[in-house]
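The values are calculated or read from the model by the stated rules, or taken from the named source; none is laboratory data. Since we're looking at a predicted model, the values are computed, not measured. Virtual Cβ from ideal backbone geometry, glycine too; neighbours counted across all protein chains shown.
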Amino acid sequence: MEEKKHMVGGISRKTLERLPIYHHYLEGKLKEETETISAPSIAMDLQLNEVQVRKDLAMVTTNGGKPKMGYQVMELIKDIEEFLGYHNSNQAVLVGAGSLGKALLSYKGFEQYGVEIVMAFDTDGRKVNTKIGGKMVLPFGKLESLCKRRNIHIGIITVPAQAAQEVCDHLVAAGVRAIWNFAPIHLSVPEHVLVQNENMAVSLAALSKYLYEAEKKGRQQAKGEND
């Protein structure tokens, strides 16, 4: 029931998040020269529900999943790539050329997933008109005009929380329809705009809690063995 509440283009948000995981897994199988694979095998290796795997893959392919043959690995990879638009070059802009912004601008792996960061924007005069990762950093005041001219539909926000909503508003006004938000704040956007939040504070808190519980369990086990 939960997945039905969050839909993107007719597909649940959770399914959309799992598809790149399937893709990465299948690429690994292809390198191992695996030609066919079954839904139960995928589910077991990825620790997912078999029924969910079948439903997810049925959204992207009409080939495979046969009882004794399973899916053709290479064909399934192609179907997932086509569905996710990996071969379509979607241009993106980044706002906030700080430490995180620099790291993203320098990362070369986005184009594999059909996204190309073409330029960045910042309000810091020391960063403006410099290049990071081969991408030009431009004055923030030029964001709307350049995004409209280049028909940019993806915006990446790597600014402090207090500036994120203003940046978001300018991106939306510029015609951006999808926002990757690294600022630790909830953004208010129109219905037609998709926001993907990357809250590192939450992720780090989850890791810290996991390690705390693991250490506590270890201490309890050790105590039990010594009693």
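Does ARG177 qualify as being in the same structural domain as LEU94 (by TED's automatic domain parsing), surrounded by fewer than 18 Cβ atoms within 10 Å (Cβ to Cβ) and touching a His at 6+ places or on another chain (Cβ under 7 Å)? Before the answer, list the steps.
Values: in the same structural domain as LEU94 (by TED's automatic domain parsing): yes; surrounded by fewer than 18 Cβ atoms within 10 Å (Cβ to Cβ): yes; touching a His at 6+ places or on another chain (Cβ under 7 Å): yes.
When the stated conditions are applied, ARG177 passes them.
What residue, among those in the stretch 189-222 that are in contact with a helix residue (DSSP H, G or I) (Cβ under 7 Å, 6 or more places away or on another chain) and surrounded by 10 or more Cβ atoms within 10 Å (Cβ to Cβ), is nearest to LEU16 (Cα to Cα)? Let's see the steps before the verdict.
Filtering the stretch 189-222 down to residues in contact with a helix residue (DSSP H, G or I) (Cβ under 7 Å, 6 or more places away or on another chain) leaves 189-190, 193.
Retained after the next criterion (residues that are surrounded by 10 or more Cβ atoms within 10 Å (Cβ to Cβ)): 189, 193.
On the way: VAL189: 20, VAL193: 16 Å.
The extreme case among them is VAL193.
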Among residues of the stretch 22-44, those that are touching a helix residue (DSSP H, G or I) at 6+ places or on another chain (Cβ under 8 Å) and not in a helix (DSSP H, G or I), counted: 4
Output for the stretch 45-58, where each listed residue is in a helix (DSSP H, G or I) and either among the hydrophobic types (A, V, I, L, M, F, W, C) or more than 17 Å from MET69 (Cα to Cα) (or both): ASP45, LEU46, VAL51, GLN52, VAL53, LYS55, ASP56, LEU57, ALA58
Test result for LYS127, closer than 23 Å to GLN162 by Cβ, of a type outside the set (Gly, Ala, Ser) and in contact (Cβ under 8 Å) with a residue 12 or more places away in the chain: yes
Residue match in the stretch 78-89 (condition: at negative phi, in contact with a Phe, Trp or Tyr (Cβ under 8 Å, 6 or more places away or on another chain), of a type in the set (S, T, N, Q) and touching a residue at least 12 places away in the same chain (Cβ under 8 Å)): no
Strands (runs of 3 or more DSSP E) contained in the stretch 95-175 and holding at least 2 residues farther than 30 Å from HIS24 by Cα: 115-122, 135-139
Qualifying residue in the stretch 96-108 (condition: at pLDDT below 90 and within 24 Å of LEU19 (Cβ to Cβ)): yes
